[in-house]
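This report refers to the structure that appears directly beneath it.
The values are calculated or read from the model by the stated rules, or taken from the named source; none is laboratory data. A quick note: this is a predicted structure, and the numbers were derived from the prediction, not measured. All Cβ positions, even for glycine, are placed from backbone atoms using ideal geometry, and neighbour counts span all protein chains on display. Keep in mind that these areas ignore ligands, DNA and RNA; they rest on the heavy atoms of the full protein, side chains included. Shrake-Rupley method; radii C 1.70, N 1.55, O 1.52, S 1.80 Å.
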Amino acid sequence: MKAAVVPALGAPLEVRDLEQPTPGPGQVLVAVENCGLCHTDIHAAQGDWPVKPKIPLIPGHEGVGRVVEVGPPLGADSPVSVGDRVAMPWLGHACGRCRYCVAGWETYCTAPAYTGYTMDGAYAQYAVAHASHVVPVPDGVSSFDAAPLTCAGVTTYKALKVARPQPDETAMVVGIGGLGHLGLQYAKLFGAMTVAVDVEDDKLQLAKDLGADHTVDARDDQAEQLDALGGVDIALVTVPSPAAMRAAHAALNPNGRLVLVGLPADNRVELPVFETVLKGISVIGSLVGTRNDLADCFDLHARGRTRVVAEPRALEDVNGCFDEILAGRIPARLVFDFAS
Ligand code: NAD
Ligand code: ZN
Ligand code: ZN
């Protein structure tokens, strides 16, 4: 099978012809139809974060396709069957027994496996996944659209859910890329007034097209623009930039919530304590979402409540795709199309 492989941290990906993997106990083999390119895959290939991925690595945690084989000993007990269309999200496996799994916080499991990071992902014609942690894709959602929802969608949906937007509040989404273009739509669905922030004309236009109440160009003085809007109550920062996080914090009103989602390589941000205390600001970290959260995202999409903005690409162009994203040249998401 064809797969894109990170041979060493910081090295370009290699598209290789590999042997098709075999599903182990409790696993399924999925024939991948589409896989989105999340900015996380770039961080993974570059080894940006304190915890490094497996090497060699097949990235990809926005994979969607059909189950073609169920591994032993599941058989008829498998939660999914041959022919089912499923998504393979970042949370590749969770123990199901620790206090976080039991309490409905499986994304903070004490013994997790991460798709396309600690286990091989879906930049491949076939991928192995744990049957218990794939998520069925309903008929009303195409595989192409399901791919970005599988990480970009569920991550921003959950990040807003934990920030609990109220209808009289303003939610700001910083970065209108893969994550942010969906986050903006969820902020509207949660009933908040919305502010979209980016540094690219195309992304600011996209935010307007998606119904943002206000857009702010972070190349100009964003503090002044946000002040004129009366500040914000929620700031969801998808940009992996400490400076963007500090600017978002500075725009928060009393009782404001800063939700950190983007993961900068330098892993540090300095925030003022005095303003945080005097305004009662909460700083929240949020990691992807649960299987239930993803089912919600698919359901909202099937009912026409969200729009996925993405372009198809061939897996052979993977290194060019990384460059396109880093240069800010793409509409919102790139999705590998294995039919092409
Ligand atoms: P992306 O590259 O598609 O989007 C980033 C956007 O930020 C682009 O639109 C870009 O123009 C904009 N931008 C850049 N600098 C900016 C600035 N200073 N101010 C405002 N906007 C700016 O990336 P993505 O796939 O949406 O991922 C974003 C980040 O989220 C990555 O760090 C990724 O690893 C992380 N991530 C986190 C989780 C999680 O669970 N916490 C899940 C998925 C991705
Ligand atoms: Zn992701
Ligand atoms: Zn657990």
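Regarding residue 166, is this residue in contact with a strand residue (DSSP E or B) (Cβ under 6 Å, 6 or more places away or on another chain) and over 20 Å from residue 332 (Cβ atoms)?
When the stated conditions are applied, residue 166 does not pass them.
List, please: which pairs have Cβ atoms under 9 Å, are six or more places apart or on different chains, and start with a residue in segment 135-160 that is free of Cβ contacts under 8 Å to residues at least 40 places away in the same chain and end with one that is of a type in the set (S, T, N, Q) and crowded, with 24+ Cβ neighbours inside 10 Å?
142/34
Of all residues in segment 266-299 being within 16 Å of ligand 1 (Cβ to nearest atom) and aliphatic (A, V, I, L, M), which is surrounded by the most Cβ atoms within 10 Å (Cβ to Cβ)?
294
Looking only at segment 87-110, which residues are among the aliphatic types (A, V, I, L, M) and in contact with a helix residue (DSSP H, G or I) (Cβ under 9 Å, 6 or more places away or on another chain)?
87, 88, 91, 94
Just to confirm my filter: which helices (runs of 4 or more DSSP H) fall fully inside segment 268-340 and include at least 3 residues that are among the aliphatic types (A, V, I, L, M) and within 26 Å of residue 45 (Cβ to Cβ)?
Of the helices (runs of 4 or more DSSP H) lying wholly inside segment 268-340, those with at least 3 residues that are among the aliphatic types (A, V, I, L, M) and within 26 Å of residue 45 (Cβ to Cβ) span 318-326.
Output yes when any residue across segment 106-122 is at pLDDT 95 or above, more than 16 Å from ligand 3 (Cβ to nearest atom), farther than 13 Å from residue 28 by Cα and surrounded by fewer than 19 Cβ atoms within 10 Å (Cβ to Cβ), and no when none is.
For segment 106-122, residues at pLDDT 95 or above, more than 16 Å from ligand 3 (Cβ to nearest atom), farther than 13 Å from residue 28 by Cα and surrounded by fewer than 19 Cβ atoms within 10 Å (Cβ to Cβ): absent.
Look through 56, 79 and report the one residue that is open to solvent by 60 Å² or more (accessible area, probe 1.4 Å) and at pLDDT below 95.
Exactly one residue qualifies, and that residue is 79.
Is it the case that segment 94-105 has a residue that's closer than 28 Å to residue 178 by Cβ, within 16 Å of ligand 3 (Cβ to nearest atom), assigned by TED's automatic domain parsing to the domain that holds residue 8 and open to solvent by 60 Å² or more (accessible area, probe 1.4 Å)?
Looking through segment 94-105, at least one residue is closer than 28 Å to residue 178 by Cβ, within 16 Å of ligand 3 (Cβ to nearest atom), assigned by TED's automatic domain parsing to the domain that holds residue 8 and open to solvent by 60 Å² or more (accessible area, probe 1.4 Å).
Give the residue that is nearest to the chain's Cα centre (by Cα), with candidates limited to residues of segment 141-191 that are closer than 17 Å to residue 291 by Cβ and among the basic types (Lys, Arg).
This residue is 158.
Does residue 110 meet the test of being under 16 Å from the mean Cα position of the chain (by Cα) and either within 13 Å of ligand 2 (Cβ to nearest atom) or of a type outside the set (Phe, Trp, Tyr) (or both)?
For residue 110, the condition - under 16 Å from the mean Cα position of the chain (by Cα) and either within 13 Å of ligand 2 (Cβ to nearest atom) or of a type outside the set (Phe, Trp, Tyr) (or both) - is not met.
Taking residue 223 as the residue in question, decide whether it is open to solvent by 20 Å² or more (accessible area, probe 1.4 Å) and out of contact with any Ser or Thr (no Cβ under 9 Å at 6 or more places or on another chain).
The answer is yes for residue 223.
One line per residue, one yes/no per condition, for (1) of a type in the set (Val, Ile, Thr); (2) open to solvent by 20 Å² or more (accessible area, probe 1.4 Å); (3) within 16 Å of ligand 1 (Cβ to nearest atom); (4) not assigned by TED's automatic domain parsing to the domain that holds residue 328:
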position	(1), (2), (3), (4)
143	no, no, no, yes
147	no, no, yes, yes
157	no, yes, yes, yes
163	no, no, yes, yes
166	no, yes, no, yes
170	yes, yes, no, yes
179	no, yes, yes, yes
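Residues that are over 25 Å from residue 238 (Cα atoms): list the strands (runs of 3 or more DSSP E) wholly contained in segment 84-181 that include at least 3 such residues.
By residue number, 126-130.
Do we find that residue 318 is farther than 26 Å from residue 164 by Cα, among the β-branched types (Val, Ile, Thr) and more than 13 Å from ligand 1 (Cβ to nearest atom) in this structure?
The answer is yes for residue 318.
Within segment 292-302, is there a residue that is over 24 Å from residue 182 (Cα atoms) and of a type outside the set (A, V, I, L, M)?
no
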